[in-house]
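Data first, discussion second: the structure below is written as structure tokens.
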Number of protein chains: 2
Amino acid sequence: MLISVSDPDDPRIEPYRAVRERDLVGREHRFVAEGEVVLRVLSRQSRFKIESLLLAESRAETLGDVLDVLSPEIPIYTATRVVMDAIVGFPIHRGILAIARRASLPPVEELLSQMPEKALVVGLIGLANHDNVGGIFRNAAAFGVGAVLLDHETCDPLYRKAIRVSVGGALMVPYTRVPSADAMVQALQAASFDVMALSPSGKEILAQVQPSQRTALLLGAEGPGLPSALLARTRTVSIPMSGGFDSLNVATTSGIALHHLASAAAFPAL
Amino acid sequence: MLISVSDPDDPRIEPYRAVRERDLVGREHRFVAEGEVVLRVLSRQSRFKIESLLLAESRAETLGDVLDVLSPEIPIYTATRVVMDAIVGFPIHRGILAIARRASLPPVEELLSQMPEKALVVGLIGLANHDNVGGIFRNAAAFGVGAVLLDHETCDPLYRKAIRVSVGGALMVPYTRVPSADAMVQALQAASFDVMALSPSGKEILAQVQPSQRTALLLGAEGPGLPSALLARTRTVSIPMSGGFDSLNVATTSGIALHHLASAAAFPAL
């Protein structure tokens, strides 16, 4: 349902107003997604329900194949660039925005019980940077990760920038929150996951690690890393690096580790 | 030599004026570096000569150990935050800037002739994004890469943001320019490097690749990738990914490939 909007104050496009300011305060049960690649994932490969789109007029035509598969009752607002920028509050270069509903987060036990016999899961502890969380979801999607678990200090994967950096991976890979790192390890071990924690002080060398049928990879923030109480309860794994150089970026680290684990296990997804 | 500056128009701090605008036009034989981690690398682990520093007054004390090892003739300008921001043109949160001289770029043959018998080299083709080039230099430093070769479309590793993203890796790993991708492959093969090109259509699977004593890894931009004429002349290597998902970020890809190659070769640097 294409609806042309010419007044930036049109009440129907209220959810698109002042996007950046709302990014900060949050949107309760909704999130905003931007760009063509992300929209394609959102409409075809995600579990999220699109509520509406706002497109620059020039984009409505190039997205024909995406728009055709949307439910006909979803409003597709179109506007000139000038009107769109006035609504949003800054220039949306790609001319594509969508509002979608969040899904409720399942209890961790339920999510883990849905994993196949052979599964790779990622757990994030204290990752407060949206670029890193987005990058990790991108890698998780690339290497067939079954689920991502987040502690309460890890930032929202459905934050606009995290989705963009994930190239839609944040919309594809199931995830949920757990109350603490302890609860995360407990739930993983109860579900027969072999829990590995990446740490510069890790005892095993990543390249020599042979993953189990069900493997979980825990990642902490650059700098503080993972708490030592957690390292004491898991297999600790390190990535050897050239003398004296600062540690790798955590998203890159996730890619390195997931590549090794997925390759070594010959996960069927690959 | 500590010199307090109170006038933003002081001619001595001319090189620090309007940093962002100069980032765009370039600084000829100089570059600007920012932040404590980068300054530490610049002063201790790089081949570049520092010409001067500009520090927020609050930072001069915390950097005592770095300042002590600098040649006494290097001017260290200090200013209040307000004056520093006025000079630079935007808030420098970390309060640390340095101007250093570029080193001349050696001919590729000379650089390669200095590589040890067992060496890992990276070649970048058409990488125009500073985050990606910075991230690749970070990974190159972490995995003991001996040199990075850049074609003329690849952006400047000494651009301020690239250095920052590299966490100083761009200052540590030797690099040079080559006129074309063809010339790059030719020089590498002439120096007995086994040249591998990463490509989604690559014939070998990365996890199974056994590197040679001298291995070169070529990376192209996400999207266009490496030219097919180049792929025809090299070993092509792919990273299998989960069904239908967009390719990995190129910096992450470099980390995955360098980790595998460095681990498989047990490079002495690790």
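The values are calculated or read from the model by the stated rules, or taken from the named source; none is laboratory data. Quick caveat, the model's predicted, so the values are computed rather than measured. Heads up, the Cβs are rebuilt from the backbone with ideal geometry, glycines too, and the neighbour counts pull from every protein chain shown.
Summary of values
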{"quantity": "Filter result for residue A:202 (buried (at least 18 other Cβ atoms within 10 Å of the Cβ), over 30 Å from residue B:223 (Cβ atoms) and not basic (Lys, Arg))", "calculated": "yes"}
{"quantity": "Tally of residues being surrounded by fewer than 14 Cβ atoms within 10 Å (Cβ to Cβ) and either more than 19 Å from residue A:36 (Cβ to Cβ) or without any contact (Cβ under 8 Å) to a residue 12 or more places away in the chain (or both) across region A:80-100", "calculated": "3"}
{"quantity": "Options A:103, A:98; residue that is under 30 Å from residue A:188 (Cβ atoms) and out of contact with any Gly (no Cβ under 8 Å at 6 or more places or on another chain)", "calculated": "A:103"}
{"quantity": "Qualifying residues in region A:250-266 (those that are more than 8 Å from every other protein chain (Cβ to nearest Cβ) and under 17 Å from residue B:143 (Cα atoms)) - the one surrounded by the fewest Cβ atoms within 10 Å (Cβ to Cβ)", "calculated": "A:250"}
{"quantity": "Any hit, region A:173-186, residues being within 14 Å of another protein chain (Cβ to nearest Cβ) and closer than 20 Å to residue A:111 by Cα", "calculated": "yes"}
{"quantity": "The lone exception for residue B:86 - which of (1) at pLDDT 95 or above; (2) in a helix (DSSP H, G or I); (3) assigned by TED's automatic domain parsing to the domain that holds residue B:6 it fails", "calculated": "(1)"}
{"quantity": "Residues of region B:37-84 classified as within 14 Å of chain A (Cβ to nearest Cβ) and touching a Phe, Trp or Tyr at 6+ places or on another chain (Cβ under 7 Å), total", "calculated": "1"}
{"quantity": "Sole residue being aliphatic (A, V, I, L, M), more than 20 Å from residue A:158 (Cβ to Cβ) and touching a residue at least 12 places away in the same chain (Cβ under 8 Å), chosen from A:32, A:5", "calculated": "A:5"}
{"quantity": "Lone unmet requirement of (1) crowded, with 21+ Cβ neighbours inside 10 Å; (2) out of contact with any Phe, Trp or Tyr (no Cβ under 9 Å at 6 or more places or on another chain); (3) within 12 Å of another protein chain (Cβ to nearest Cβ) for residue A:131", "calculated": "(1)"}
{"quantity": "Selection count where residues are under 28 Å from residue A:55 (Cβ atoms) and touching a residue at least 60 places away in the same chain (Cβ under 8 Å), scope region A:101-119", "calculated": "2"}
{"quantity": "Whichever residue in region B:141-164 is within 10 Å of chain A (Cβ to nearest Cβ) and buried (at least 24 other Cβ atoms within 10 Å of the Cβ) and, among such residues, is nearest to residue B:120 (Cα to Cα)", "calculated": "B:145"}
{"quantity": "In region A:8-26, the residues that are crowded, with 16+ Cβ neighbours inside 10 Å and under 19 Å from residue A:157 (Cα atoms)", "calculated": "A:19, A:22, A:23"}
{"quantity": "Tally, over region A:204-223, of residues that are more than 14 Å from every other protein chain (Cβ to nearest Cβ) and more than 22 Å from the chain's Cα centre (by Cα)", "calculated": "2"}
{"quantity": "Region A:205-229 - residue that is outside any loop (DSSP other than H, G, I, E, B) and touching a residue at least 60 places away in the same chain (Cβ under 8 Å) and, of those, surrounded by the fewest Cβ atoms within 10 Å (Cβ to Cβ)", "calculated": "A:214"}
{"quantity": "Number of the exception - residue A:201 against (1) within 14 Å of chain B (Cβ to nearest Cβ); (2) assigned to a loop (DSSP other than H, G, I, E, B); (3) without any contact (Cβ under 8 Å) to a residue 40 or more places away in the chain", "calculated": "(1)"}
{"quantity": "Residue within region A:234-249 that is more than 19 Å from the chain's Cα centre (by Cα), within 8 Å of chain B (Cβ to nearest Cβ) and of a type in the set (S, T, N, Q) present", "calculated": "yes"}
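One line per residue, one yes/no per condition, for (1) in contact with a Gly (Cβ under 8 Å, 6 or more places away or on another chain); (2) closer than 17 Å to residue A:104 by Cβ; (3) surrounded by fewer than 21 Cβ atoms within 10 Å (Cβ to Cβ):
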{"residue": "A:36", "(1), (2), (3)": "no, no, yes"}
{"residue": "A:41", "(1), (2), (3)": "yes, no, no"}
{"residue": "A:49", "(1), (2), (3)": "no, yes, yes"}
{"residue": "A:52", "(1), (2), (3)": "no, no, yes"}
